[in-house]
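Worksheet: one structure, shown below.
The values are calculated or read from the model by the stated rules, or taken from the named source; none is laboratory data. Small disclaimer: the values here were computed from a predicted structure and weren't measured. Positions of Cβ are backbone-derived with ideal geometry, glycine not excepted, and every protein chain shown enters the neighbour counts.
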Ligand SMILES: [Zn+2]
C-alpha cells in the first residue's frame, strides 16, 4: 500500500463505514470505547446511529486533547478521516503518550445527519447554534424573517423571479450581510436554515455527559472540532469559536492564522451556541483552547445553494425520488471532496494542528 492509499483509506463513503473504521482503529489501540446510541431512529442503510467515544492516555490526565467530528452530519466524512488517521499515527500518539496527555475522540456528534446526508440533526437543528442557554432570552436574528422566503422559495430550483428577488436583496445589503443574516442562527422558524432549536438536543446532552465523565478533572483542554464547507478548497481555516479572553492562548498554540468570527476576519459568521462552548459550562475551571478546523470544499455560495436545496427538500416531502437523490448527492459533495488530493491536504493540515495542540498542552 502506498502512503497515498494509506491516507485515503482513513476516509469512508458512508456513515456506517466511517463508524466501523473508527471503532476498529480505536480497538487496535486498546482505547476505552463507549457508544451512545441515538434512541428510536435508524440510519439511511438501517444501521444503528451512535456517537462513539474513544479514550486514550491516563484516565486521570489533567491535560486533555479532544477531537470531535460530524457536528454537521456529512462534514463527518472529513472529521472521521482525521480521527482515524490520528489513531493510525504511531509517531503522533507517541508524543501524546510522552507528554502524558489524555486523548478524547468523539465520533459523529450528529450521527443522524452524517448517515442521512443532512448538515442538521434529526430535528432540523444546526447543532452549532443549539448550545445556548434556553432558560434565557434566545439570540435574536430579526433579519431572518426577510431572508427565509428568499432562501427557501416555493419551488426548486428557484424561478428567475426568485433569483432576481435574492439578487436584489444582496445588491442592497451586500453578500457578507446576506450570508451573516442567513447563517448566524435563528430560533423562530423550525424548518428554516441554521435553526438553533427550542431545547438542548440529544447531541448537546450527550456531549455534555461525555465531558462530565472525561474532562471534569482536566485543568487544560485543547478541543478541535473538524468541519467542512467554508474557505478555499482543501485549506484548513483555524476558526476560534471561544470567548475573547482565550484568543491569545489559541494564537500562541496555533499561530497568527487563527481567525475569530467576532473580529470579523473569519470565513464563518459570528454564530450563537457552538458545540465546543459546552466546555465553559462543564469544565468551568479549565484553561481551554478551542478550534473549529474548517476545510474548504466548493465555493461558499455554491455550498449555500446546496444547503438551500436540502432545506427546501425538507419542507417539500412531495419532491420526486429523482430530485431527492440529486439534492442528497449534491449536499454530500458540498461537504466532502472524495479525491486523494483533498484527503492528503486534510490529513497533512490536521496533523500539524494536532501536533501544535500537543505541544501547547505539554507546555501548559
Ligand atoms: Zn460545520
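Below, the figures for the structure above:
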{"item": "Scan of segment 239-276 for residues that are under 22 Å from residue 133 (Cα atoms), touching a helix residue (DSSP H, G or I) at 6+ places or on another chain (Cβ under 9 Å) and assigned to a helix (DSSP H, G or I), ordered by number", "result": "244, 262, 275, 276"}
{"item": "Test: residue in segment 21-29 that is part of a loop (DSSP other than H, G, I, E, B) and either over 19 Å from the mean Cα position of the chain (by Cα) or modelled with pLDDT under 95 (or both)", "result": "yes"}
{"item": "Options 161, 176; residue that is under 21 Å from residue 129 (Cα atoms) and surrounded by fewer than 19 Cβ atoms within 10 Å (Cβ to Cβ)", "result": "176"}
{"item": "Elements of type helices (runs of 4 or more DSSP H) in segment 52-127, at least 2 residues being within 16 Å of the ligand (Cβ to nearest atom)", "result": "76-87, 111-116"}
{"item": "Test: residue in segment 333-351 that is modelled with pLDDT of 95 or more, part of a loop (DSSP other than H, G, I, E, B), in contact with a helix residue (DSSP H, G or I) (Cβ under 8 Å, 6 or more places away or on another chain) and over 30 Å from residue 103 (Cα atoms)", "result": "no"}
{"item": "Residues (under 27 Å from residue 281 (Cβ atoms) and not in a strand (DSSP E or B)) located in segment 228-238", "result": "none"}
{"item": "Subset of segment 182-199 (residues that are touching a helix residue (DSSP H, G or I) at 6+ places or on another chain (Cβ under 6 Å) and within 22 Å of residue 136 (Cβ to Cβ))", "result": "185, 186, 189, 192, 194, 196"}
{"item": "Enumeration of residues in segment 100-132 that are buried (at least 24 other Cβ atoms within 10 Å of the Cβ) and on the phi > 0 side of the Ramachandran plot", "result": "108"}
{"item": "Total residues in segment 279-300, condition away from the ligand (no atom under 13 Å from the Cβ), in contact (Cβ under 8 Å) with a residue 12 or more places away in the chain and over 14 Å from the mean Cα position of the chain (by Cα)", "result": "11"}
{"item": "Any hit, segment 307-318, residues being assigned by TED's automatic domain parsing to the domain that holds residue 117, within 15 Å of the ligand (Cβ to nearest atom) and under 13 Å from residue 230 (Cβ atoms)", "result": "no"}
{"item": "Selection from segment 214-237 of residues that are in contact with a strand residue (DSSP E or B) (Cβ under 8 Å, 6 or more places away or on another chain) and either away from the ligand (no atom under 14 Å from the Cβ) or not assigned by TED's automatic domain parsing to the domain that holds residue 64 (or both)", "result": "214, 215, 218, 219, 220, 221, 222, 223, 232, 233, 234, 235"}
